[in-house]
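The values are calculated or read from the model by the stated rules, or taken from the named source; none is laboratory data. Only a predicted model underlies this, so the values are computations on that prediction, with no experimental measurement involved. Backbone-built Cβ (ideal geometry, glycine too); neighbour counts: all protein chains shown.
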Amino acid sequence: MIKYYRQKNFNFQDFDLIVKNNVLYAFYVKKTPHSAKNKDSKKPNTFGLAKSKDGINWEALNDILIPVKNSWEESLWAGCISKQGKIYTVYYTGVVAKERESSCKIGKAYSFDLVKWKKDRKNPVMTFDKNDPYYSNEPNLAFRDPFHFKHNGKNYILLCTKDKIKSKGQRGCIGLFEEYKKNEFRSLPPLFSPGKYYALECPALYKIKNVWYLLYGDDKKTVFCYAIAKNPFGPYKEPKNNVLLPKFNYTLRIIKFKGKYLMYWWIRDFPNGIVRERLAGPRQIETTENGEIKLL
């Protein structure tokens, strides 16, 4: 059953999911609706939180992260949530309102209960190094949308980045960074850089049945795609049909909930000329013998 959710008078955009005590939580960019004639809302984004006991019906909770005027985080963009030890940790993108893309920096926040959150005192914990050996310092879609994963006891962050050695307009890649100690990061070669995308937004990485699934958004086509590998560090191969849902179904996330792998996403439409974005799902997924994702 596909259902849609957004808190009244707000849009539901880029998000991540986590399960706590058999309850599913969605951590998301909470936006003010705006005219379809405008590229984006002029009001700052917050981070909202919603919960579901059945994976279908959602209940709004209080906002968990708030932007700060006259700071590096005047508005909040895409992030991720994970549990590291006993602490829930959020990595998120912060921007300056006027500069937007060119001002992206990464912050962190922590919680023991998913309700009360504290931002890291050292925020922003990640800023772009103009001397980075792998990634371009061009201003658009080049340092944002963090996604955390852990492998062999080490913490890694994926980012929407640009590969500096690829041709202009085809530099979109998924950057890889190791958090080798708290708030200390080293850049590694791109996890995935096929040399054909302008940008790869909101990456996510999941291991299902010993296969690694890398999800990412094609900014130009507004569709979400995936690639597969036997190792989290690749090499990744795109299946022949790797677009999971039609245009304007974006930021796909997969979560194992109540024994099933479920996929959620946000969907955009334009009733009365106003941009409307809602959480959609779930769709149960399975994987085929050759590793491709099958929607049930």
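Being closer than 23 Å to TYR4 by Cβ, modelled with pLDDT of 95 or more and surrounded by fewer than 17 Cβ atoms within 10 Å (Cβ to Cβ): is that true of ILE254 here? Criteria not met by ILE254. Of all residues in the stretch 262-290, those satisfying the criterion of being within 14 Å of THR222 (Cβ to Cβ) and not in a loop (DSSP other than H, G, I, E, B) are TRP265, TRP266, ILE267, ARG268, ASP269, GLU277. Here LEU49, LEU76 are screened, and the one residue that is farther than 19 Å from PHE149 by Cβ, surrounded by 17 or more Cβ atoms within 10 Å (Cβ to Cβ), in contact with a Pro (Cβ under 9 Å, 6 or more places away or on another chain) and of a type in the set (A, V, I, L, M) is LEU76. Among residues of the stretch 276-296 that are touching a residue at least 40 places away in the same chain (Cβ under 8 Å), those with a Cβ under 6 angstrom from a residue that is among the charged types (D, E, K, R), sequence gap 6+ or separate chain, pair up as ARG276/ASP269; GLU277/ARG268; ARG278/ARG6; THR287/LYS209; LEU295/ARG283.
Considering every residue within the stretch 165-179, establish whether at least one is buried (at least 17 other Cβ atoms within 10 Å of the Cβ) and basic (Lys, Arg). The answer is yes, given that some residue of the stretch 165-179 is buried (at least 17 other Cβ atoms within 10 Å of the Cβ) and basic (Lys, Arg). Consider PRO33 carefully, then state whether it is surrounded by fewer than 22 Cβ atoms within 10 Å (Cβ to Cβ), of a type outside the set (Gly, Ala, Ser) and touching a Ser or Thr at 6+ places or on another chain (Cβ under 6 Å). Judged against the criteria, PRO33 is not a match.
The set of residues in the stretch 79-99 that are more than 21 Å from LYS150 (Cβ to Cβ) and either out of contact with any Phe, Trp or Tyr (no Cβ under 8 Å at 6 or more places or on another chain) or surrounded by fewer than 22 Cβ atoms within 10 Å (Cβ to Cβ) (or both) comprises VAL96, ALA97, LYS98, GLU99. Restricted to the stretch 101-114, and to residues there that are without any contact (Cβ under 8 Å) to a residue 60 or more places away in the chain and over 16 Å from the mean Cα position of the chain (by Cα), the residue that is nearest to MET126 (Cα to Cα) is SER103.
Looking across the stretch 20-55, the residues that are more than 14 Å from ALA78 (Cβ to Cβ), in contact with a strand residue (DSSP E or B) (Cβ under 6 Å, 6 or more places away or on another chain) and of a type in the set (A, V, I, L, M, F, W, C) come down to VAL23, LEU24, LEU49, ALA50. Of the strands (runs of 3 or more DSSP E) that lie entirely inside the stretch 1-98, those containing 1 or more residues that are more than 20 Å from the chain's Cα centre (by Cα) and free of Cβ contacts under 8 Å to residues at least 40 places away in the same chain span 23-31, 59-65. Scanning the stretch 257-271 for residues that are within 17 Å of TYR4 (Cβ to Cβ) and surrounded by fewer than 15 Cβ atoms within 10 Å (Cβ to Cβ) turns up ASP269, PHE270, PRO271.
Scanning the stretch 1-46 for residues that are hydrophobic (A, V, I, L, M, F, W, C) and over 18 Å from PHE147 (Cα atoms) yields a count of 7.
With respect to the conditions (1) crowded, with 19+ Cβ neighbours inside 10 Å; (2) out of contact with any strand residue (DSSP E or B) (no Cβ under 8 Å at 6 or more places or on another chain), SER102 lacks only one, and its number is (1). Within the stretch 132-148, residues that are basic (Lys, Arg) sit with their Cβ atoms under 7 Å from residues that are at pLDDT 90 or above, at 6+ positions apart or across chains, in these pairs: ARG144/TRP77; ARG144/ALA78; ARG144/THR93; ARG144/CYS104; ARG144/LEU159; ARG144/CYS160. Just to be sure, is LYS154 within 30 Å of LYS43 (Cβ to Cβ) and surrounded by fewer than 14 Cβ atoms within 10 Å (Cβ to Cβ)? So LYS154 fails the test.
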